[in-house]
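Contents: one structure, followed by commentary.
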Amino acid sequence: MEEILIPMTVFGAIAFCFWCTYHYKNKEKEKVQDTLCKAIDAGQQLSPDTIKALGVRSISATFADLRKAVLFVGFGIAFIIFAQVIPDEEAPQILTGMSAFPIMLGVGYFIVYRLGLKEPQ
């Protein structure tokens, strides 16, 4: 029982951390959206400075794809390095294979980024 409990706890904690991050980020975005909707309903003019003051960032989709590509590839490379440090014989091969997933996601995002640059703005 302990053999399965420890990995479940570790991976559950990682999943919980990701969930918390996205949950609270979405709550923050929802509050900003509610504030903007109330301001629009009240008939107020919203200047770009006002929107920036509320914390709304404008990142173009193409640069967001590049950022995701760099993060995924970096995570995959870090996973490969981590796999080589483990003193087990089978672990490096397994973990290196698993690291192909984030690297391929990063390559996919990079391709989307490059294709997005060629479209007329």
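The values are calculated or read from the model by the stated rules, or taken from the named source; none is laboratory data. A quick note: this is a predicted structure, and the numbers were derived from the prediction, not measured. Cβ placement follows ideal geometry from the backbone for every residue including glycine, while neighbour counts extend to all protein chains displayed.
Within the group 85, 73, which residue is more than 22 Å from residue 26 (Cα to Cα), without any contact (Cβ under 8 Å) to a residue 12 or more places away in the chain and either out of contact with any strand residue (DSSP E or B) (no Cβ under 9 Å at 6 or more places or on another chain) or not aromatic (Phe, Trp, Tyr) (or both)? Let's see the steps before the verdict.
Values: 73 fails: without any contact (Cβ under 8 Å) to a residue 12 or more places away in the chain.
On inspection, the qualifying residue turns out to be 85.
Just checking, does segment 9-31 include any residue being of a type in the set (A, V, I, L, M, F, W, C) and surrounded by 13 or more Cβ atoms within 10 Å (Cβ to Cβ)? Quick ask: steps written out before the conclusion?
Quick first cut of segment 9-31, residues of a type in the set (A, V, I, L, M, F, W, C) only: 10-11, 13-20.
Now restrict to residues that are surrounded by 13 or more Cβ atoms within 10 Å (Cβ to Cβ): none.
The answer is no; no qualifying residue exists.
Can you tell which of 46, 54, 36 is in contact with a Ser or Thr (Cβ under 8 Å, 6 or more places away or on another chain), more than 26 Å from residue 102 (Cα to Cα) and surrounded by 10 or more Cβ atoms within 10 Å (Cβ to Cβ)?
On the way: 46 fails: in contact with a Ser or Thr (Cβ under 8 Å, 6 or more places away or on another chain); 36 fails: in contact with a Ser or Thr (Cβ under 8 Å, 6 or more places away or on another chain).
Of 46, 54, 36, the one residue that is in contact with a Ser or Thr (Cβ under 8 Å, 6 or more places away or on another chain), more than 26 Å from residue 102 (Cα to Cα) and surrounded by 10 or more Cβ atoms within 10 Å (Cβ to Cβ) is 54.
Pick out, from segment 30-121, the helices (runs of 4 or more DSSP H) lying fully within it that include 1 or more residues that are modelled with pLDDT of 90 or more and in contact with a helix residue (DSSP H, G or I) (Cβ under 9 Å, 6 or more places away or on another chain). It would help to see each step written out before you state the result.
Numbers: elements: 48-53, 61-85, 91-118.
Hits in segment 30-121: 61-85, 91-118.
Among 11, 16, which is more than 22 Å from residue 54 (Cα to Cα) and either among the charged types (D, E, K, R) or modelled with pLDDT under 90 (or both)? Before the answer, list the steps.
Details: 16 fails: either among the charged types (D, E, K, R) or modelled with pLDDT under 90 (or both).
Sole residue among the options that is more than 22 Å from residue 54 (Cα to Cα) and either among the charged types (D, E, K, R) or modelled with pLDDT under 90 (or both): 11.
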